[in-house]
Amino acid sequence: MVKYEHQLDAVFTALAHPARRAMLARLGRGEATVTELAQPFDMSMPAITKHLKVLEKANLISRGKNAQWRPCRLEKASLETASGWIDEQRKIWESRLDRLEDYLHTLEKQKGNDDGNE
């Protein structure tokens, strides 16, 4: 459970920055080099590398080793773990809101009955 929570923390931390989300979106279209990932940003290469390390630590990307070319690729498993957690939370909150709606309808009916007895 602790490892699962640690992994979720790393994923959500990685997703918190717009540049990292943009990099993931780009990798969703296929492999890319670090230079290709850096191209749309007005950042130094050391800053780009730091962002990539955050994504790697969260297991959201991996880097291949093909001679001098080190393509980055999206790793979907961590995104699927985060998506599963979000789905669980959504179900919990939908259930709570459904119960609240039922309770409010009950209160309305009781109020209607009380008003009719006056």
Next item on the list: Show the residue pairs that are 6+ apart or on different chains and have beta-carbon atoms under 9 Å apart, the first residue being within the range 40-64 and on the phi > 0 side of the Ramachandran plot, the second being crowded, with 16+ Cβ neighbours inside 10 Å and hydrophobic (A, V, I, L, M, F, W, C).
Entry: N59/A10; N59/V11
Next item on the list: Quickly run through the range 58-80 and pick out the residues that are of a type outside the set (A, V, I, L, M, F, W, C), under 14 Å from L15 (Cβ atoms) and open to solvent by less than 50 Å² (accessible area, probe 1.4 Å).
Entry: S78
Next item on the list: Mind counting the residues in the range 65-75 that are over 14 Å from Q7 (Cβ atoms) and free of Cβ contacts under 8 Å to residues at least 24 places away in the same chain?
Entry: 4
Note to self: Suppose we keep only residues that are over 21 Å from the mean Cα position of the chain (by Cα) and part of a loop (DSSP other than H, G, I, E, B) within the range 5-57. Which one would you say is surrounded by the fewest Cβ atoms within 10 Å (Cβ to Cβ)?
What the structure shows: D42
Margin query: Between a residue in the range 1-29 that is more than 13 Å from V54 (Cβ to Cβ) and any residue that is hydrophobic (A, V, I, L, M, F, W, C) and open to solvent by less than 20 Å² (accessible area, probe 1.4 Å), which pairs come within a Cβ distance under 7 Å, given they are 6 or more apart or on different chains?
Written below: L8/A82; R26/A32; R26/L37; L27/I61; L27/C72
Margin query: Filter the range 68-118 down to the residues that are in a helix (DSSP H, G or I) and polar (S, T, N, Q) and list them by number.
Written below: S78, T81, S83, Q89, S95, T106, Q110, N113
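The values are calculated or read from the model by the stated rules, or taken from the named source; none is laboratory data. The model shown is predicted, which means the values in this text are computed figures rather than measured ones. Note that each Cβ is placed from the backbone with ideal geometry, even for glycine, and that neighbours are counted across all protein chains shown. Surface areas here come from the heavy atoms of the whole protein model, side chains and all, with no ligands, DNA or RNA. Shrake-Rupley method; radii C 1.70, N 1.55, O 1.52, S 1.80 Å.
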